[in-house]
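Right, one structure below, let's go through it.
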Amino acid sequence: MSSQIDHLLNESRRFAPPEEFAASAIATAELYDRAKADREGFWAEQARELLHWHKPFTEVLDWSNPPFAKWFADGELNVAYNCLDRHVEAGNGDRVALLWEGEPGDERRVTYAELTDEVKRLANVLTGLGVGQGDRVAIYMPAIPEAIAAMLAVVRIGAVHSVVFGGFSADSLRARLDDAAAKVVITADGGYRKGKVSPLKPAVDLALADRNGSGPQETVENVIVVRRGGNDIDWVEGRDIWWHDVVSQAPAEHEARPFPAENPLFILYTSGTTGKPKGILHTTGGYLTQSAFTNKVVHDVHPEDDVFWCTADIGWVTGHSYVTYGPLANGATQVLYEGTPDTPHPGRWWEIVEKYGVTILYTAPTAIRSFMKIGRKVPKRFDLSSLRLLGSVGEPINPEAWMWYRKIIGGKAAPIVDTWWQTETGAIMISALPGVTETKPGAAQVALPGVSVDVVDEDGTHVGNGNGGLLVITEPWPSMLRGIWGDPDRFVETYWKKFEKQGFYFAGDGARLDDDGEVWLMGRVDDVMNVSGHRLSTTEIESALVANEAVAEAAVVGASDETTGQAVVAFVIIKESYLAEHAPEGLANTLRLWVGEQIGPIARPRDVYIVGELPKTRSGKIMRRLLRDVAEGREVGDTTTLADTAVMSVISAQLK
Ligand code: PRX
């Protein structure tokens with residue numbers, strides 16, 4: 001890590017904003033001055049300019065009970081109205097909202113008027129099923145237009161969605177349905193992935209069933225199913241409903257009623273440092289303000305001209321803020337692609353860019369690195385000249401990948417914005433402003449106007465330029481999480497306790513300030529891994545491993561990986577009783593697949609090492625740092641605090 005940091009800090013390439021881009025850029029340097037002069041006034045101005053308020057707010061921020069913030073609390077709005085109806089009313093109903101491309105090559109263009117119509121009907125269906133303000137609806141769907149319609153219909157009636165990534169297992173889904181006490185699940189029979197139909201409804205059936213002594217799931221009353229994959233599915237009469245049956249027959253009229261700005265909008269589960277995922281809670285007014293604002297000034301979206309493409313799945317926060325809410329609130333036209341980047345050929349993404357004339361591409365470093373591996377020949381076969389801005393999100397982007405992105409995808413002309421944020425922050429917090437900021441390969445750079453961050457030491461003291469420390473957010477921001485669903489203590493403990501005295505939000509990331517005082521992200525400092533831009537908890541995977549009958553103990557680390565940023569590496573001790581009756585051959589692979597079944601394929605370890613012992617401190621804590629050294633092929637660091645100092649040489653010898 002430290003050689004990587006030194007390498008990063010020697011990065012001296014700078015790219016001035018291209019003149020042509022700067023001439024029409026939405027962001028201006030003046031935004032920083034305005035925000036600095038009056039931060040709350042600045043956000044109030046954005047909220048008023050970007051959104052329609054059924055009832056205007058008079059209060060901006062209520063921080064009287066930190067860390068529980070209220071933004072625009074006496075204002076009222078309807079999120080779906082802001083994303084849909086008002087664009088139709090303004091005469092833009094014929095504008096395409098979604099340029100949808102299915103993986104098999106089918107396509108649909110969905111206008112704002114059509115999306116509004118679908119959402120109104122589905123809102124009526126949900127109301128008919130008894131869903132009301134504050135009720136939770138889970139969404140477990142492929143990237144099809146109905147997924148976005150589902151999110152918007154839920155929030156239109158003041159209910160709360162919990163989107164669960166379609167790659168999560170039935171068990172992971174069950175845990176999320178239980179925690180949120182969801183009333184309805186919206187799903188599809190299946191969706192296309194890697195050239196095949198990947199089933200979804202069967203996982204919902206399993207999640208709701210009485211299995212492994214769990215008892216049947218108790219809160220879900222109905223399952224609405226979109227027909228997409230055409231795969232055979234089971235049907236529970238009275239519980240399951242076909243989307244196409246009910247939506248087409250539902251009344252087309254639906255009035256978007258206003259709700260208070262602090263009405264919950266969604267819960268999104270993310271991995272933390274314990275085995276139990278946290279339900280991050282966001283509310284409406286502040287969240288929509290900051291997601292729309294950042295989509296406008298960071299992605300520079302000009303709704304009349306641009307074709308925006310954020311490649312994230314709606315199961316992650318990036319898909320919430322920059323597929324559904326930000327772009328639709330701004331009335332943008334965007335691409336939505338169902339499948340994987342290499343199906344049916346490795347140039348599929350670039351073919352899509354050419355086909356739809358994508359102007360702004362927002363994606364993750366892992367994707368860029370895997371394209372780099374395949375080679376420039378593939379993108380070079382396509383006309384990418386429409387691209388005028390590139391974005392990166394989810395994990396640090398190494399300067400080499402940044403330069404490749406710029407040269408091969410951006411034709412050396414498009415600025416790159418490296419955007420740092422989290423599920424918890426709701427929207428982008430640190431990024432260059434395109435057309436304004438001189439960019440640096442590998443750095444997230446500067447806090448956005450209206451956002452205050454710092455890099456501090458363990459005591460909360462500013463580290464100064466040229467130094468590393470912990471990234472904190474020093475002032476409340478509109479799209480900040482409002483809590484962890486059902487667990488206010490964990491919310492305080494996880495994010496606010498460490499710098500309680502200063503009132504800082506601790507992001508869990510290490511960072512450095514360069515000589516200009518700009519921010520370089522250095523990865524997580526806790527037991528959270530970042531694999532392909534997805535957050536995974538070491539503890540959660542360890543729990544899955546020890547749930548296998550063969551495993552006595554497990555330790556999981558995130559080891560650096562050329563393509564995925566980090567990769568899951570597991571060290572397991574097998575029970576002697578198991579080995580007495582079974583041959584150990586193939587066990588490592590069986591355990592890899594087991595984790596995939598328990599949590600989802602994204603959590604499947606890259607490597608499983610079977611070892612005789614694990615390095616522990618005298619108090620019994622596993623020293624993951626040492627395992628990381630082994631997994632990354634480094635000299636093992638300081639072992640003096642180990643209870644048994646020989647254990648690391650034994651492990652290293654076993655793996656050779
Ligand atoms: O470690 C940081 C990393 O991703 C974490 C947040 O993960 P998640 O909540 O899943 O949201 C991902 C998409 C916003 C952060 O704590 N991260 C995110 N963006 C960057 C990043 N690390 C470095 N550079 C980034 N641009």
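Each reported figure results from applying straightforward, stated rules to the coordinates on display, with no laboratory input. Here the structure is a predicted model, which means the values were calculated and not measured. Glycine gets a Cβ as well: all are built from the backbone with ideal geometry, and neighbour counts include every protein chain shown.
Of the chymotrypsin sites (Phe, Trp or Tyr not before Pro) found in the stretch 223-266, those in coil by DSSP whose Cβ has at most 15 other Cβ atoms within 10 Å are Trp235.
With both labels modelled 7 Å from their Cα along Cα-to-Cβ, the Asp607 to Val236 distance reads 4.3 nm.
For Arg193, the residues 5 or more places off, or on other chains, whose built amide H falls under 5 Å of its own are Ser198.
Per-residue extension of 0.36 nm, minus the Cα-Cα distance of Arg625 and Asp245, leaves a gain of 131.3 nm for this segment.
The trypsin sites (Lys or Arg not before Pro) of the stretch 370-448 that DSSP puts in a loop, and whose beta carbon has at most 14 other beta carbons within 10 Å, are Arg376, Arg381, Lys412. Taking amide H as placed 1.01 Å from N in the peptide plane, Arg524 has its amide H under 5 Å from the amide H of Gly510, each at least 5 places away in sequence or on another chain.
Converting phi to 3J(HN,Hα) with the Karplus coefficients 6.51, -1.76 and 1.60 and the offset θ = phi - 60°, the stretch 439-450 yields 9, 10, x, x, 10, 7, 6, 10, 5, 5, x, x Hz in sequence order, with x at every glycine or proline. The phi-based Karplus calculation (6.51 cos²θ - 1.76 cosθ + 1.60; θ = phi - 60°) puts the 3J(HN,Hα) values of the stretch 210-226 at 8, 10, 6, x, 7, x, x, 5, 9, 9, 6, 9, 9, 10, 9, 10, 8 Hz, whole numbers, x for Gly and Pro. The stretch between Asn589 and Lys497 holds 29.1 nm of extra length on full extension. This uses 0.36 nm per residue minus the Cα-Cα distance. Our note on the geometry: Cα centres of the stretch 598-656 and the stretch 315-385, 37 Å apart.
Which pairs in the list Lys276/Lys501; Lys296/Lys498; Lys120/Lys183; Lys296/Lys355; Lys498/Lys616; Lys70/Lys497 are over 22 Å apart, alpha-carbon to alpha-carbon?
Checking Cα-Cα distances, Lys276/Lys501; Lys296/Lys498; Lys296/Lys355; Lys498/Lys616 exceed 22 Å.
Of the three principal axes defined by the Cα atoms of the chain, the extents in descending order read 73, 63, 57 Å. If both residues of a DSSP beta bridge must be in the chain, then about 60% of such bridges are antiparallel.
Taking each DSSP H run with n ≥ 4 as -39500 (n - 2.57) and averaging over every residue of the chain yields -8000 deg cm²/dmol at 222 nm.
Sequence-ordered 3J(HN,Hα) estimates for the stretch 164-178 from the Karplus curve with 6.51, -1.76 and 1.60 and θ = phi - 60° stand at 10, 3, x, x, 7, 6, 4, 5, 5, 4, 4, 4, 6, 5, 5 Hz, glycine and proline given as x.
Which whole-number percent gives the relative contact order of the chain, counting Cα pairs below 8 Å spaced six or more residues apart?
Working: 1446 pairs, mean separation 85.5, N = 656.
Relative contact order comes out at 13 percent.
Once you have a ≥ b ≥ c as the square roots of the Cα gyration tensor eigenvalues for the stretch 454-513, tell me rounded if a/c is under 1.5, and otherwise prolate or oblate according to whether a/b is larger than b/c. Could you put the intermediate results ahead of the total?
Details: a/c = 2.45, a/b = 2.03, b/c = 1.21.
Prolate, because a/c is 1.5 or more and a/b exceeds b/c.
Can you give the FRET efficiency for Glu19 and Ser385, using 1/(1 + (r/R0)^6), R0 = 25 Å, r = Cβ-Cβ distance, to the nearest 0.05? Provide the component values of the computation, followed by the final result.
Details: r = 18 Å, r/R0 = 0.71.
My answer for the efficiency is 0.90.
Computed from the C-beta positions of Lys412 and Thr343 and an R0 of 22 Å, the FRET efficiency is 0.15 to the nearest 0.05.
Specify whether the C-alpha gyration tensor of the stretch 268-414 places it in the rounded, prolate or oblate class, a ≥ b ≥ c being the square roots of the eigenvalues: rounded for a/c under 1.5, otherwise prolate if a/b is larger than b/c and oblate if not. Display every interim value, and only then the final one.
Numbers: a/c = 1.92, a/b = 1.34, b/c = 1.43.
Oblate.
Between rounded, prolate and oblate, where does the stretch 532-655 land on the alpha carbon gyration tensor, with a ≥ b ≥ c its root eigenvalues, rounded for a/c under 1.5, else prolate if a/b exceeds b/c? Note, shape of the stretch 532-655 comes out oblate.
Taking 0.36 nm per residue of sequence separation and subtracting the Cα-Cα distance, how much length would be gained by fully extending the chain between Arg227 and Lys36, in nm to one decimal? Write out the running numbers ahead of the final one.
Details: separation 191, 0.36 × 191 = 68.76 nm, distance 5.05 nm.
The Arg227-Lys36 span can extend by a further 63.7 nm.
Here's how it looks for Ala643: its modeled amide H is under 5 Å from those of Lys616, Thr617, Arg618, which are all 5 or more places away or on a different chain.
Looking at the stretch 532-655, send over the antiparallel percent of its DSSP beta bridges, to the nearest 5. If you can, show how the numbers build up before the last one.
Values: 12 of 16 bridges.
Counting DSSP beta bridges with both partners in the stretch 532-655, the antiparallel share is about 75 percent.
Note on the stretch 55-79 and the stretch 129-208: Cα centroid distance 29 Å, given to the nearest whole angstrom. Packing order of peptides 593-601, 180-188, highest average first: 180-188, 593-601 (average count of other Cβ atoms within 10 Å over each peptide's residues).
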